[in-house]
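Visitor: Below is the structure I would like to discuss, written out as structure tokens.
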Amino acid sequence: MRMVDIIEKKRDKKALTREEIHFAINAYVAGSVPDYQMSSLLMAIYFNGMNDDEVADLTEATLMSGETIDLSEIEGVKVDKHSTGGVGDKTTLVLGPLVASCGAKFAKLSGRGLGHTGGTLDKLESIAGYDISLTKEAFIKQVNDINIAVAGQTSTLAPADKLLYALRDVTGTVPSIPLIASSIMSKKLASGADVIVLDVKIGDGAFMKTLEDARKLSQVMVNIGKKFNRKVIAFITDMSEPLGYAIGNKLEVIEAVRTLQGNGPSDLQTLCTEIGSYLVYHAAKAESLNMAKADIEGKITSLEASDLFNTLLEHQGGKMPDLNNYIHVKDIIAVKSDVKGYVEKLDALQIGLAAMRLGAGRETKESTIDTDVGIVLNKKVGDFVEEGEVLAYIYNNKDDITEEIRMVLEAYRFSEAAVEKPPLIIEIIE
Ligand code: URA
């Protein structure tokens, strides 16, 4: 088989066979296909797409390039969740303990944040002592013992995806639905869960900018799940403004803990309760979605979910920090509005980029982050703002943040008329 024939076939809009797809991926990982040929194939896929069978074959070839995690030693239905990435998205920290306290087995391998989106591992590692590098045996034992483990994805999981993603990043081929779907699903399938909720974000701060694209991506990933006998449910959710009020690692841990205690922002609590009810129901821990939802709400009120978060931290070497003495920054700067009106738009991307510039996120994979800094919003879409009122607080360790202040101010747009908040959960596809 020759790579050039495969490239030409896709260039000419023909469907590739399973053998051709496996050949291309295996040869690329082995180093016998050079970057320029793989780039050419990726660009052909970008323009000409793939049918469901091709995407499933690409997913399979990518997941088979590395280790797959066998969770069969964990009793019961294993559940997992993945977000396509957003600003202020601390859902895993809340959702995990919620569903685990209802009896579902939450076995989660997470990644680090890049660019304007944060990563669960960075948030957890901002808690002193928390160890993300569990052995497979320790991971399985912990899920069996306390229903939850959140550890780091190892480099042995879908290594082809790492190589392909790096190439896509520099060849303009990231925003391709078959490539995104196979990238996400190869890692999720390799991680071994039976039931997977995908939170497909849509809006300025997200990969998918339109509902049409989000629907297509969701449907492709749900179909991949069916081919691999996994239950995949895609939630399409709004990311036109950040989720919750806090953006930045330690700030988000505090918001997550408050949410588990029933004092969090309503958007975050709603999202976690809704996604959680699907996971608990499909894990056969409730007889209906409504009963699952009631169960989850009960675990917040009883503080069982919050207690389980403490247990999770302790099992992985950490300890619940004193939230009143957790963040140490040079200064906290209030960004005030110079106009009056209703917040019509709050650009998640701008806020995410401002937080990244402060040091809360990574510009490149090699950047180090400052876990104490970030932004706490005081006003979100629909809120009324008086002139001179605080829009947001910047937690800062830098000398000059003129640019970050400008970015926060420019992220807000106002209207004289009252504004209705857009719905958070736009569609659920399963
Ligand atoms: N997240 C991934 O893991 N892969 C993509 O291609 C895009 C988002």
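Visitor: Which ones in the stretch 414-430 are over 19 Å from A246 (Cα atoms), surrounded by 11 or more Cβ atoms within 10 Å (Cβ to Cβ) and charged (D, E, K, R)?
Guide: Passing the criteria: E427, E430.
Visitor: Examine the stretch 382-404 for a residue that is closer than 23 Å to L271 by Cα, out of contact with any Lys or Arg (no Cβ under 8 Å at 6 or more places or on another chain), at pLDDT 95 or above and surrounded by 15 or more Cβ atoms within 10 Å (Cβ to Cβ), and state whether such a residue exists.
Guide: Within the stretch 382-404, one or more residues are closer than 23 Å to L271 by Cα, out of contact with any Lys or Arg (no Cβ under 8 Å at 6 or more places or on another chain), at pLDDT 95 or above and surrounded by 15 or more Cβ atoms within 10 Å (Cβ to Cβ).
Visitor: Here's something else I'd like to know. List pairs: first in the stretch 54-65 and farther than 15 Å from V220 by Cβ, second open to solvent by 20 Å² or more (accessible area, probe 1.4 Å) and polar (S, T, N, Q), Cβ under 9 Å, 6+ apart or cross-chain?
Guide: A61/N26; M64/N26; S65/N26
Visitor: Counting residues that are over 24 Å from Y393 (Cβ atoms), which helices (runs of 4 or more DSSP H) fully inside the stretch 242-348 reach at least 2? If you could, list the steps in order and put the result at the bottom.
Guide: Working: elements: 249-260, 266-282, 289-301, 304-315.
Output list reads 266-282, 289-301, 304-315.
Visitor: Would you be able to say whether some residue in the stretch 362-371 is β-branched (V, I, T), surrounded by 20 or more Cβ atoms within 10 Å (Cβ to Cβ) and either out of contact with any Gly (no Cβ under 6 Å at 6 or more places or on another chain) or farther than 25 Å from K209 by Cα (or both)? Let's see the steps before the verdict.
Guide: We begin by selecting, within the stretch 362-371, every residue β-branched (V, I, T); these are 364, 368-369, 371.
If we keep only those that are surrounded by 20 or more Cβ atoms within 10 Å (Cβ to Cβ) too, we end up with 369, 371.
Next, only the ones that are either out of contact with any Gly (no Cβ under 6 Å at 6 or more places or on another chain) or farther than 25 Å from K209 by Cα (or both) stay: 369, 371.
Scanning the stretch 362-371 turns up at least one residue that is β-branched (V, I, T), surrounded by 20 or more Cβ atoms within 10 Å (Cβ to Cβ) and either out of contact with any Gly (no Cβ under 6 Å at 6 or more places or on another chain) or farther than 25 Å from K209 by Cα (or both).
Visitor: I233 - would you say it is assigned to a strand (DSSP E or B) and surrounded by fewer than 24 Cβ atoms within 10 Å (Cβ to Cβ)?
Guide: It is true that I233 is assigned to a strand (DSSP E or B) and surrounded by fewer than 24 Cβ atoms within 10 Å (Cβ to Cβ).
Visitor: Still on this structure, please answer the following. Out of the stretch 65-80, which residues are within 16 Å of the ligand (Cβ to nearest atom) and open to solvent by 20 Å² or more (accessible area, probe 1.4 Å)?
Guide: Taking the stretch 65-80 and keeping what is within 16 Å of the ligand (Cβ to nearest atom), we get 65-66, 80.
Within the stretch 65-80, S65, G66 qualify.
Visitor: State yes or no: is I247 aliphatic (A, V, I, L, M), under 27 Å from D70 (Cα atoms) and more than 15 Å from the ligand (Cβ to nearest atom)? Walk me through it before giving the result.
Guide: Working: aliphatic (A, V, I, L, M): yes; under 27 Å from D70 (Cα atoms): no; more than 15 Å from the ligand (Cβ to nearest atom): yes.
Criteria not met by I247.
Visitor: Scan the stretch 267-293 and report the pairs whose first residue is without any contact (Cβ under 8 Å) to a residue 60 or more places away in the chain and whose second residue is charged (D, E, K, R) and open to solvent by 50 Å² or more (accessible area, probe 1.4 Å), with Cβ atoms within less than 7 Å and a gap of 6+ or a chain change.
Guide: Final answer for the pair search is S277/K293.
Visitor: Continuing with the same structure: Would it be correct to say that I25 is in contact (Cβ under 8 Å) with a residue 60 or more places away in the chain, of a type in the set (V, I, T) and outside the structural domain of M291 (by TED's automatic domain parsing)? Spell out how you get there, then give the answer.
Guide: Working: in contact (Cβ under 8 Å) with a residue 60 or more places away in the chain: yes; of a type in the set (V, I, T): yes; outside the structural domain of M291 (by TED's automatic domain parsing): yes.
Against the criterion (in contact (Cβ under 8 Å) with a residue 60 or more places away in the chain, of a type in the set (V, I, T) and outside the structural domain of M291 (by TED's automatic domain parsing)), I25 qualifies.
Visitor: While we're looking at this one, here's another question. Applying the selection to the stretch 81-131, what residues are assigned to a loop (DSSP other than H, G, I, E, B), more than 14 Å from the ligand (Cβ to nearest atom), surrounded by fewer than 24 Cβ atoms within 10 Å (Cβ to Cβ) and charged (D, E, K, R)?
Guide: D131
Visitor: For N310, state whether it is open to solvent by 50 Å² or more (accessible area, probe 1.4 Å) and not basic (K, R). Even if it seems obvious, please write down each step before you answer.
Guide: Values: open to solvent by 50 Å² or more (accessible area, probe 1.4 Å): no; not basic (K, R): yes.
Against the criterion (open to solvent by 50 Å² or more (accessible area, probe 1.4 Å) and not basic (K, R)), N310 does not qualify.
Visitor: Consider only pairs whose beta carbons are under 7 Å apart and that are at least six residues apart or on different chains; among these, list those whose first residue lies in the stretch 134-161 and is among the aliphatic types (A, V, I, L, M) and whose second residue is within 16 Å of the ligand (Cβ to nearest atom) and open to solvent by 40 Å² or more (accessible area, probe 1.4 Å).
Guide: Partner pairs satisfying both residue conditions: L157/K187; A158/K187.
Visitor: Now a separate question. Going through the stretch 154-195 one residue at a time, which ones are assigned to a helix (DSSP H, G or I), open to solvent by 40 Å² or more (accessible area, probe 1.4 Å) and within 9 Å of the ligand (Cβ to nearest atom)?
Guide: Within the stretch 154-195, the first condition is being assigned to a helix (DSSP H, G or I), and the residues that meet it are 159-169, 177-190.
Checking the rest, the ones that are also open to solvent by 40 Å² or more (accessible area, probe 1.4 Å) come to 162-163, 165-166, 169, 187.
Matches in the stretch 154-195: Y165, K187.
Visitor: With respect to I351, determine if the residue is of a type outside the set (G, A, S) and in a helix (DSSP H, G or I). Show your work before the answer.
Guide: Details: of a type outside the set (G, A, S): yes; in a helix (DSSP H, G or I): yes.
Considered against the rule, which asks whether it is of a type outside the set (G, A, S) and in a helix (DSSP H, G or I), I351 comes out as yes.
Visitor: State which residue is farthest from K201 (Cα to Cα) when the search covers only the stretch 365-403 and only residues that are polar (S, T, N, Q) and in contact (Cβ under 8 Å) with a residue 12 or more places away in the chain. Steps first, answer last, please.
Guide: Applying the first criterion (polar (S, T, N, Q)) to the stretch 365-403 yields 367-368, 371, 378, 396-397, 402.
Retained after the next criterion (residues that are in contact (Cβ under 8 Å) with a residue 12 or more places away in the chain): 371, 378, 396-397.
Working: T371: 24, N378: 22, N396: 28, N397: 30 Å.
Filtering first and then ranking leaves N397.
Visitor: So V33 passes all but one of these: (1) assigned to a loop (DSSP other than H, G, I, E, B); (2) open to solvent by 20 Å² or more (accessible area, probe 1.4 Å). Which condition number does it fail?
Guide: Checking V33 against (1) assigned to a loop (DSSP other than H, G, I, E, B); (2) open to solvent by 20 Å² or more (accessible area, probe 1.4 Å), the one that fails is (2).
Visitor: Please work out which one of (1) part of a loop (DSSP other than H, G, I, E, B); (2) open to solvent by 10 Å² or more (accessible area, probe 1.4 Å) is the condition G205 fails and give its number.
Guide: (2) is the only condition that G205 fails.
The values are calculated or read from the model by the stated rules, or taken from the named source; none is laboratory data. Owing to the predicted nature of the structure, the values given are computational and were not obtained by experimental measurement. A quick note on method: Cβ atoms are made from the backbone with ideal geometry, for glycine too, and the neighbour counts reach across all protein chains shown. Surface accessibility is based on the protein's heavy atoms, side chains included, excluding ligands, DNA and RNA. Shrake-Rupley method; radii C 1.70, N 1.55, O 1.52, S 1.80 Å.
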